[in-house]
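The values are calculated or read from the model by the stated rules, or taken from the named source; none is laboratory data. Nothing here was measured: the structure is a model prediction, and the numbers come from that model. As a convention, Cβ positions derive from the backbone with ideal geometry for all residues, glycine included, and neighbour counts pool all protein chains shown. The area values use the complete protein model at the heavy-atom level, side chains included, leaving out ligands, DNA and RNA. Shrake-Rupley method; radii C 1.70, N 1.55, O 1.52, S 1.80 Å.
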Amino acid sequence: MAAPREKTAGRTPGGRVSNTTVRDLTMSEEDHRVLRSRRLISKPLVTPEKEDVIRRSDGDRPLRSMTNVFVPLLVFDLQSEEKYNRNSSPLLYFSSTPGFGLHILSDLTCAFLLTGFMDLEHVINRKMELKRKAEVLKSELMKEVDIHFNEFVNNFIEESTSLEASSASGNCYPANSEKDGHKVRTLKPPPDHGKVFVSRRSLLDELFEVNHFRTIYHMFIALLILFILSTVVVDCIDKNRLVLEFDLLFYAFGKFHIVFSTWICMFLSTLIVPYVLLNMWAQGYKTSSHRTIRSLFYGSLYLAFQMLGLGFCPAYIVLQHNLPPASRFIVILEQVRMIMKVHSFIRENIPRVLSFAKEKSTVVPVPQVTQYLYFLFVPTLIYRDNYPRNPSIRWGYVATKFAQVLGCLFYAYYVFVRLCIPLFRNISQEPFSLRVLVLCIFNSILPGVLILFLAFFAFLHCWLNAFAEMLRFADRMFYKGIINPFLTSDGIDWWNSTSFANYYRTWNVVVHDWLYYYAYRDFLWFFGRRFKAAAMLSVFMVSAVVHEYALGICFGFFYPVLFILFMGFGMIFNFILHDRRRGPIWNVIMWTSLFLGQGVLLCLYSQEWYAQRHCSLSNLTAPTLFLG
């Protein structure tokens, strides 16, 4: 290649440089042929889009040559790279002539090209991976949206039904005026509207499908394993052998044959007596000339059965045979459940018979005995002739729920063995003082909270869902309520409650529905809607009395701690932490007071239990008896 000749541009009359120094690169004829061959080789690498760009740029060449604009053209010589030294720098050729351009002829160019292709492939793979993840997230999101939309629609239907029922009751029973208040109230049949059952899943079943919530369940299982390991290790250290004894469990559920025989008698009497009384009263009510006397007679028989057959007899058997605590709980809770179910059955069918007496129909509206039998087992306290049903039974689901109930039972056993018994055994040996009481309350908070969670999960979720699945009962909302489907910021789950009012409504929906429809609303129907505060107070009174009755019979002593907490602090918190309290701080306050209450209950009832069995009543004074 000939040596290049350098030209220097002249200056204008003003002294300015008209052009920059231009290096005129000349080539031999052999180099021109090599360059043309390279262009022919590299031409297939140009895409049609690039050809169009080049074609448009060719039309502008005269303008570019006139303005001395350099046109770079990148050409890759892949066949003649052996002519160049691999350690040399890239050869750069600049020219304003249309046939020349920028030539990069080295291995570095190839490396850059291959790296670009690899980066492009990586970007494409990454994009496809993100697309697949987006499709998965999209399907999960649509599933969650579908679940929550169905739940929203169901709750909206329920709320609309209750609003229509409220307006209907308002039309049937106009506003109470002072003039109407002095009139003698004529007892009319109560409104026949009430709870609407819809097909829906339990909340925990939905939440456990999410990994974040299922991890909490795994953490409780891990804690149970630690309790078992600690018990086994301590037994091996203390007794130099493995001790797997469940003396406390066998004692608590002792005399189970008496429990079973008592339950059979309660169930048969509940199945036969109320149904027969309702049927006999309804059959002759329409043709009777003394309807009031007939109703009073059968009503007296019904009340006698409720108070003596279901009220007195089970409690007498429990006390007479001195059943252990857990066995007593089974009998008493079944007693309360059957009393509430019988009341719902009678309460829902009386308005039908009263309406039947005014019609010309000859068919007495008494449910079939199979419908009543199904109601006695279905996990709800509100009677309906028909409930939403699932198409099939998932027996694996049933077995899982019963296994979880058994696991919660052993969980509670280890909580008592590792956390409660050592604590109260030491306290019972110390003189009573305020310091001992305060320490005992705070040490009882952890086991009290664990027992609360275990009772909720074992009964309200596992036990009720197992029976609902066996009976194909589709409405699984046992522990979750909603105030208003359009005001969901208040936390429709009981653990998200920011007020005790919402907690009372959502903690145990099965019992709350019964108290709301048959205690609160019937109270307002009978006395008028002006007495809402009195109706609420009556509901709290009934709930507190039943809770204290159950604890008193099961523990074998009257110690009204729960009654005082329920009627005292419970009523105060119900008005202080009301539904207008929003924000996370109120949820923290609710949980703090709930934890402290569990500690107080466990501490005081456990101390009284030990005092009843290890202290002589003859040596105690009145103040000591009161303090336990």
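What the table shows:
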read-out	value
Test: residue in the range 291-301 that is within 29 Å of Ile553 (Cβ to Cβ), of a type outside the set (Gly, Ala, Ser) and at pLDDT 90 or above	yes
Pairs where the first residue, in the range 229-248, is at pLDDT 80 or above and the second is part of a helix (DSSP H, G or I) and not β-branched (Val, Ile, Thr), C-beta under 8 Å, 6+ apart	Ser230/Arg418; Leu248/Tyr413; Leu248/Phe416
Residue match in the range 275-287 (condition: at pLDDT 80 or above and under 38 Å from the mean Cα position of the chain (by Cα))	yes
From the options Leu310, Leu333, Leu319, residue that is within 37 Å of the chain's Cα centre (by Cα) and open to solvent by 80 Å² or more (accessible area, probe 1.4 Å)	Leu333
Where Val363 falls short, out of the listed (1) outside any helix (DSSP H, G or I); (2) crowded, with 16+ Cβ neighbours inside 10 Å	(2)
Tabulated pairs, the range 453-479, first of a type in the set (Lys, Arg), second surrounded by 19 or more Cβ atoms within 10 Å (Cβ to Cβ), C-beta under 8 angstrom, 6+ apart or interchain	Arg476/Ser202; Arg476/Leu464; Arg476/Asn465; Arg476/Ala468
Residue in the range 562-581 that is surrounded by fewer than 18 Cβ atoms within 10 Å (Cβ to Cβ) and on the phi > 0 side of the Ramachandran plot present	no
Sole residue being in contact (Cβ under 8 Å) with a residue 12 or more places away in the chain and farther than 24 Å from Val398 by Cβ, chosen from Ser288, Ser269	Ser269
Residue list for the range 457-495, filter: open to solvent by 30 Å² or more (accessible area, probe 1.4 Å) and modelled with pLDDT under 75	Ile482, Ile483, Asn484, Phe486, Leu487, Thr488, Ser489, Ile492
